[in-house]
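Derivation of every value follows stated rules applied to the coordinates shown; laboratory data play no part. The shown structure was predicted, so the numbers you read here are calculated from the model rather than taken from an experiment. For neighbour counting, all protein chains shown are included, and Cβ atoms are generated from backbone atoms with ideal geometry for every residue, glycine included.
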Amino acid sequence: MNDNDLEIRLRNHYRSIDPTVAPHGLAARIDGAMDREASRWAFLGRMPAIATGLAAVAVVALVIAFRPGGLLAPVGATPSVGTPQPTASPTPAPSASGSLAPTRTAAPSLPGGSLPPISTEPWSTLDLVPASGNPQPAPVVAWSGGYLALGSDVVGFGPGAAWVSVDGRTWAQLPDATFGTPTSAAAAPAPDGVVVLTVREDGTAKAWHSTDGVTWTSSQASAPRALEAGDIAGSSNSIVVIDQGSPPGLERSTDGTSWQPVLLPGASTAIVTALTAFGSGFVAVGNDPSGQGSPVAWWSSDGLTWNLATVPSHPGDAFTEVHAGATGLIAMSQTNDVPGVTTFWTSPDGGRSWQPSDSPLGVWQQGEGAGNPNGQFTGDGTRLLGYGIRADGQPTEYWTSTDATTWSKLTLTGDTAAANAGSVTPTLLRDGILFAGGDRAWFGGVVN
């Protein structure tokens, strides 16, 4: 088992703690406390585990003391293309209400390149070449104008780094502290651009909005809970975010300015833990901690009206993540035991019903967590990606699917050393995969 696998298993051990007790985002805070080079906002694997590192809890507790709660109110900006320009200092504008009005931050233009079309054909081979600009391992949000990658200096909660790209091959880093110095952040496509929601160590929250990815308008927001991938999702008509309610629920906006809470059917004690966009709608997952506890899921065609999904009884279990392909979804759940048991779930009908399934990478065969579904997973609404090793010493495998049922193993060619070693974070793009690790990155283009 390499260091990356061990850290993933350690984080997921703590995520297996009762979700009604353990704050959402605990895994990200443990990640930061362990002082990894990878981004605080990176996608986190959910393989269960127990390992050394209990001292990290004390560090994490200090971070948890600053948990925030709520929503956004951004305003648009004007697209630009050309040579990178210096950053203009943001200037507060007067507000009739007396609160801080939106401020605008200018940034370099998007690098050259053209927005590739979404590749819908089956993938078999990826050819890896170095990507220019070297975005750190981070969540990458695809929106109508290209891509936005969020990174972070996890030491001392330094300025959050960010990169933009049109084609996923050439990246430009935004000026330092474009989004301030947040302890957590998450992004999502908006109907008219892209939105970033940030929370600082002191609990201050801001919403950032852009129509070109490089010029950002910020406004104050009521403090949302600590953010990570899976807390916010956007579609062509609305944005949905998990709020700071008790229990955590959802709020929805059509413009990123005004927000409204949505009513979720089912038990009033149910907790939302993750959500994703699916087509023009959304799917949310969580758990009902009452009684023995049970996984719960919901689906919506517009983010406003929600329906309770059909989920088989799984006592003591709770959904922890959900990802969408073009015609199917996957989710992961964990029991509240220590170290916890993980279950891999699929939905072939837009999140309306769920059932336990087999991971495309089989089960973990060695040591702690043996017998649990293997691999880490992500999705971009078109394609699902699973990746991991089957046993110590074996290369990392990468599998894709569009329906969550039929999976194909990818063959990698070109500069594959880092990808095979599993020392990178893979992210699905429209026509390939971005592999980012440390201060280097590779674009894997589809070769069929």
>> Residue by residue through region 272-285, what is 3J(HN,Hα) from phi via Karplus (6.51 cos²θ - 1.76 cosθ + 1.60, θ = phi - 60°)? Round to whole Hz and write x for glycine and proline.
In response: 8, 10, 7, 8, 8, 7, 9, x, 8, x, 9, 10, 10, 10
>> Please report the spacing between the Cα centers of region 167-183 and region 400-448 in Å, no decimals.
In response: 22 Å
>> Can you work out the Karplus-derived ³J(HN,Hα) for every residue in region 362-373? Use 6.51 cos²θ - 1.76 cosθ + 1.60 with θ = phi - 60°, whole Hz, and x for glycine or proline.
In response: x, 10, 6, 9, 10, x, 4, x, 4, x, 8, x
>> Between region 288-315 and region 320-354, what is the separation of their alpha carbon centroids in Å?
In response: 12 Å
> For region 260-343, with equal point scatterers placed on the C-alpha atoms only and solvent neglected, what are the log10 I(q)/I(0) values from the Debye formula at q = 0.13, 0.16, 0.24 1/Å, to two decimals?
Replying inline: -0.39, -0.59, -1.18
> Mind checking the log10 I(q)/I(0) for region 393-448 at q = 0.19, 0.27 Å⁻¹? Debye, one equal scatterer per Cα, no solvent, two decimals.
Replying inline: -0.69, -1.27
> How far apart, in nm, are the 7 Å Cα→Cβ label points at Thr254 and Glu201?
Replying inline: 4.1 nm
> Amide H of Ala177: which non-local residues (sequence gap of 5 or more, or other chain) have their own amide H closer than 5 Å, using H built in the peptide plane?
Replying inline: Gly160
> log₁₀ I(q)/I(0) of region 295-402 at q = 0.10, 0.14, 0.24 Å⁻¹, via Debye over equal Cα point scatterers, no solvent, to two decimals?
Replying inline: -0.30, -0.58, -1.37
> Label-point separation (nm) for Ser114 and Asp439, each offset 7 Å from Cα along Cα-to-Cβ?
Replying inline: 3.5 nm
